[in-house]
1. Considering Ala280, Ala313, which residue is in contact with a helix residue (DSSP H, G or I) (Cβ under 6 Å, 6 or more places away or on another chain) and modelled with pLDDT under 95?
2. Among (1) over 23 Å from the mean Cα position of the chain (by Cα); (2) without any contact (Cβ under 8 Å) to a residue 40 or more places away in the chain; (3) more than 25 Å from Ala137 (Cβ to Cβ), which single condition is Met75 missing?
3. Looking only at the range 181-206, which residues are part of a loop (DSSP other than H, G, I, E, B), surrounded by 18 or more Cβ atoms within 10 Å (Cβ to Cβ) and touching a strand residue (DSSP E or B) at 6+ places or on another chain (Cβ under 7 Å)?
4. Condition test on Lys310, is it surrounded by 19 or more Cβ atoms within 10 Å (Cβ to Cβ), under 21 Å from the mean Cα position of the chain (by Cα) and part of a loop (DSSP other than H, G, I, E, B)?
5. Please name all residue pairs, on different chains or six or more residues apart, with Cβ atoms under 7 Å, provided the first residue is in the range 193-211 and is closer than 18 Å to Gly265 by Cα and free of Cβ contacts under 8 Å to residues at least 24 places away in the same chain and the second residue is assigned to a loop (DSSP other than H, G, I, E, B) and of a type in the set (D, E, K, R).
6. If you check every pair at least six apart or on different chains, which have Cβ atoms under 8 Å apart with a residue in the range 337-357 that is crowded, with 22+ Cβ neighbours inside 10 Å first and a residue that is among the polar types (S, T, N, Q) and assigned to a loop (DSSP other than H, G, I, E, B) second?
7. So which pairs qualify, if the first residue must be in the range 294-311 and under 13 Å from Ser195 (Cβ atoms), the second must be of a type in the set (S, T, N, Q) and crowded, with 22+ Cβ neighbours inside 10 Å, the Cβ gap must be under 9 Å, and the two must be at least 6 apart or on different chains?
8. Restricting attention to the range 207-246, report how many residues are within 16 Å of Phe176 (Cβ to Cβ) and assigned to a loop (DSSP other than H, G, I, E, B).
Amino acid sequence: MPSRFIVEADGGSRGNPGPAGYGAVVRDGDTGQLVAEAAEFIGHATNNVAEYRGLIAGLKAARELDPDASVDVRMDSKLVVEQMSGRWKIKHPDMQPLAAEARTVLPRGRVTYTWIPRERNKDADRLANEAMDAGQAGRRWEPKPKAAVVDEPPLETPAPKAGWAAPADLGTPTTFVLLRHGETPLTPEKRFSGSGGTDPELSDKGRWQAERAAEALAARGSIQAVVASPMLRTRQTAETVAARLGLEVRYEDGLREVDFGDWEGLTFGEVQERYPEDLAAWLGSAKAKPTGSSESFTTLTHRAGVARDKILARYAGKTVLVVSHVSPIKTLVRLALGAPPDSMYRMELSAASICAVQYYADGNASLRLLNDTSHLR
C-alpha cells in the first residue's frame, strides 16, 4: 500500500523582504511519527517565497520516502493553502513559478492542503528560524543529531518493552533483517574500510558468502523488500540476495559506512602508531572524528536513524532485508537496545552475518538476532 504522509511547512523573512529561510517536516500519516525534516537559508526573499520553498522541500522529502504516497499539507499560510487549493488566483510573478514547481512534485490528486493555526506549526517554524540563524552566521543548517537523546539515560520509568509486556494491539511489527556485506580483500586484514576509501569489491570468499546468505534468506521465505547501502560491496551482496529472492534493490545513502578519513586502508595498529591522540579521542567520544574525516559516530547515528525512519515509513509491517556495513548495523542495534555509544565496541559483527530487529507501532524495538553466521558453516 502507498504511504500516507503529513507535511508541515513554513517559511520566514526577517524584514520581508530580508534574510529568509524555510523549514518542513514529514510525518507518518497514521502514527504522526516524524520521518523526515528539511530546512535551508535562501538568502534575501519575502515571507511568501520562503513559505513556497518550504512547501516544495516538504513535498520532495515525502516523494523521496515514497513516490506513490498521498500527502496532506498543513501550513499556517492562508495564502499558500488557498492558492495551491485553487481557490485563490496566483497573481504575483514571484509566486507563479514556485506554485507551478510545487504542483510537479506529486500528482495533484494525491496532495491536499489544510490551513492550521501557527501554534500547531511549531516544528516547521522552528526549523525555518534555525535555517535563518545558521545562514546569518555564515553556516549551512544541519539537523540536530538524534544521538544526543540516545546518549542520555532515561529520566522517567520507561514503558513496557515490546516482546516482554507489550499490549496486544500494536499490530504487525516491521522487521529489519540486517545483513553485513561479504568479505573484501581488506576484511581479513582488519583494515579500516569506510566510505572515503577505495570502495573495494567483494573477494572470491565474499561472493561465496553472499551466495550462502542468499540461500539462507530464500529458505527463510519472509523477505518482502531489499534496501542497501550504495557502496560497491553492499550492492554486490544485496544484488546477489535480491536475485535469488526475485526482488529489486532500493539504495539508501544513509546506510553507507562511516568515512574513516586518513585511516582508510590502515590496520588498527597502524592508526595507533601514526595517530595515537586522534585514535584515543575517537575511542573515548562518539563526537570525535577520525583524522581527516568530517564524520563522527554521532553524525552516523543521525543519518542511520533517518534512514531507519524512512524505511519504516515506506515498509510498515513488512520484513525488509537491510544490507549495510559494520558501523551502521551496530548503530541500529544499539539504538534498538537504547544502549550507549561505547556499546558498539562490545559487539562482534562478522562478514555476511545476520541480525534482526523488530519495530513496533509504539516506538519500541526488540533485538531478535545478533551476528548469526550459521549459514556460513
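1. Ala313
2. Looking at each condition in turn, Met75 falls short on (2).
3. Passing the criteria: only His181.
4. Answer is no for this residue.
5. Pairs that qualify, where the first residue is closer than 18 Å to Gly265 by Cα and free of Cβ contacts under 8 Å to residues at least 24 places away in the same chain and the partner is assigned to a loop (DSSP other than H, G, I, E, B) and of a type in the set (D, E, K, R), are Ser203/Glu183.
6. Ala351/Thr187; Ala352/Thr373; Ser353/Thr373; Ile354/Thr373
7. Listed pairs, sorted by first residue: Leu300/Thr331; Ala304/Ser324; Ala304/Thr331.
8. Number satisfying all stated conditions: 4.
The values are calculated or read from the model by the stated rules, or taken from the named source; none is laboratory data. None of these values were measured; they are calculated from a predicted model. Every residue, glycine among them, receives a Cβ derived from its backbone with ideal geometry; neighbour counts consider all protein chains shown.
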